[in-house]
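J.: Next up is a structure, given as structure tokens.
The values are calculated or read from the model by the stated rules, or taken from the named source; none is laboratory data. Remember, predicted model here, so these are calculated numbers, not experimental data. As a convention, Cβ positions derive from the backbone with ideal geometry for all residues, glycine included, and neighbour counts pool all protein chains shown. These area figures cover heavy atoms from the full protein model, side chains too; ligands, DNA and RNA do not enter into them. Shrake-Rupley method; radii C 1.70, N 1.55, O 1.52, S 1.80 Å.
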Amino acid sequence: MRPIVIVPACTRDFGEHPYHAAQHKYVDAVAIGADCAPMILPSMGERLDLETMLDLCDGIMLTGSASNVHPSYYSEEVLDPTLPQDPDRDQTTLPLIREAVKRGIPIIAICRGFQEMNVALGGSLFQAVQSVPGHFDHRENPELGMDEQYGDAHKVRITPGGMLHGILGVEEIPVNSLHGQGVNGLAPGLTVEAVAEDGLVEAFSVSISPGFTLAVQWHPEWRIAHNPHSMKMFGAFGDACRARFQSKKRKNP
């Protein structure tokens with residue numbers, strides 16, 4: 001048996017019907033990179049039995065998405081109403097993150113998931129990084145093909161002696177960049193693990209959590225088997241999930 005990693009779904013309408021959906025690349029990253037068993041979690045908000053799901057899982061992966069965390073969660077108004085929102089996902093993932101951090105459940109978070117973690121723990125976001133003086137435009141060019149959109153866009157500097165540095169063993173790596181929002185105020189208890197060349201926070205860990213936590217703004221799940229750095233990150237996450245799985249087995253043989 002392999003550890004179970006829950007992957008919270010986005011909500012999408014296909015035709016006239018609403019769906020819970022997760023992209024293949026995120027599910028594949030759990031299976032290939034972490035060597036764990038992915039389980040898609042429906043975004044049901046308050047209707048979700050959170051306790052049962054957290055008791056069942058050995059890890060959580062928070063995915064990227066086209067939607068943004070609603071700014072009311074960090075006391076702001078919506079800057080651009082044309083950008084998509086996903087209130088059901090917000091109502092699912094934000095309490096999920098807070099409880100998982102308390103329990104020490106391993107978490108790896110990507111893009112929107114990275115932003116969700118910061119907001120859930122008390123931080124805030126830039127709603128349009130490209131409009132903030134001193135920062136680059138971190139969005140992808142939608143006119144390019146997918147391989148080009150997910151190609152290397154800039155480098156990130158990794159915090160010496162930090163968690164991510166320990167996993168990768170290097171001081172900087174090239175990353176892709178497909179986001180319009182980003183960390184503004186870092187939540188209490190978070191530790192910066194990497195920054196972009198313009199100073200934007202690109203990775204953090206949760207120092208107040210007893211378990212593995214790594215959140216990154218870029219997309220390590222893209223063609224994960226061909227990216228050694230991504231494989232190392234997901235491998236470390238998978239090791240933490242296996243450790244939790246074994247600990248639960250010892251407590252409940």
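J.: List the lysines whose Cα sits under 18 Å from the Cα of residue 25, skipping any in the same chain fewer than 8 residues away.
T.: Partners within reach: 232.
J.: Report, ordered by chain and residue number, the lysines lying within cross-link reach of residue 251, taken as a straight Cα distance under 22 Å and ignoring same-chain residues fewer than 8 apart.
T.: List returned: 102.
J.: May I ask you to compute the full-extension gain from residue 1 to residue 207, defined as 0.36 nm times their residue separation minus their alpha-carbon distance, rounded to one decimal in nm?
T.: 71.2 nm
J.: Show me the ranking of peptides 236-243, 217-224, 43-50, 191-198 by mean Cβ neighbours inside 10 Å, starting with the highest. Could the numbers behind the result be given before it?
T.: Working: 236-243: 21.9, 217-224: 24.4, 43-50: 14.8, 191-198: 18.5.
In decreasing order of mean packing, 236-243, 217-224, 43-50, 191-198 become 217-224, 236-243, 191-198, 43-50.
J.: At a 1.4 Å probe, what is the % contribution of carbon and sulfur to the accessible area of the chain?
T.: On the way: 6180 of 11650 Å².
Carbon-and-sulfur percentage of accessible area, whole number: 53.
J.: Also, quick follow-up: Do you know the relative contact order of segment 137-249, to the nearest whole percent, from alpha carbon pairs under 8 angstrom that are 6+ apart?
T.: So the answer I get is 22 percent.
J.: Keeping all protein chains in place and using 1.4 angstrom, which order do 28, 152 fall into by accessible surface area, from largest down?
T.: 152, 28
J.: Just flag the GluC sites (Glu not before Pro) in segment 97-188 sitting in loop per DSSP whose Cβ has no more than 16 other Cβ atoms within 10 Å.
T.: Taking segment 97-188 and a limit of 16 other Cβ atoms within 10 Å, the loop GluC sites (Glu not before Pro) found are 143, 171.
J.: Another question about this same structure. Using a Gaussian network model on the chain with a 10 Å cutoff between Cα atoms, which of 78, 201, 156 fluctuates the most?
T.: Of 78, 201, 156, the Gaussian network model singles out 78 as fluctuating most.
J.: Using alpha carbon centroids, what distance separates segment 128-156 and segment 65-118, in Å?
T.: If you average the Cα positions of each part, the centres end up 21 Å apart.
J.: Going 7 Å from the Cα of residue 146 in the Cα-to-Cβ direction, what parts of segment 196-236 have a backbone nitrogen less than 20 Å from that spot?
T.: Within reach of a label on residue 146: 218-228, 230-231.
J.: Over the chain, what is the relative contact order in whole percent, taking alpha-carbon pairs under 8 Å and six or more residues apart?
T.: 22 percent
J.: Most mobile of 153, 29, 215 per a Gaussian network model of the chain (Cα springs, under 10 Å)?
T.: Fluctuation is largest for 153.
J.: A further question on this structure: Let me understand segment 38-125 better: what is its radius of gyration from the alpha carbons, and its Dmax, in angstrom?
T.: 12.7, 38
J.: Additional query: Of the beta bridges DSSP finds with both residues in the chain, what % are antiparallel, to the nearest 5?
T.: Counting DSSP beta bridges with both partners in the chain, the antiparallel share is about 60 percent.
J.: How big is the shadow of the Cα convex hull of segment 146-236, averaged over all directions, in nm²?
T.: Hull-based average projected area comes out at 6.0 nm².
J.: Please report the Cα spread of the chain along all three principal axes, rounded to whole Å, starting with the longest.
T.: 56, 47, 36
J.: What 222 nm value per residue comes from the helices of the chain, counting each DSSP H run with n ≥ 4 as -39,500 (n - 2.57) and dividing by all residues, nearest 500 deg cm²/dmol? Don't jump to the answer; show the numbers that get you there.
T.: Numbers: 7 runs with 72 residues, N = 253.
Using -39500 (n - 2.57) per qualifying helix, the result is -8500 deg cm²/dmol.
J.: Now for a separate question. When the chain is treated as a GNM, springs tying every alpha-carbon pair under 10 Å, which of 227, 68, 176 comes out with the largest mean-square fluctuation?
T.: Highest fluctuation among the options: 227.
J.: With the other protein chains left in place, how much accessible area per residue, in square angstrom, belongs to the chain at a 1.4 angstrom probe?
T.: Using a 1.4 Å probe on heavy atoms only, each residue of the chain averages 46 Å².
J.: Could you work out, for segment 177-227, what percent of all Cα-Cα pairs fall into each 10 Å distance bin, beginning at 0 Å and stopping at the bin that holds the largest distance?
T.: 22, 49, 27, 2
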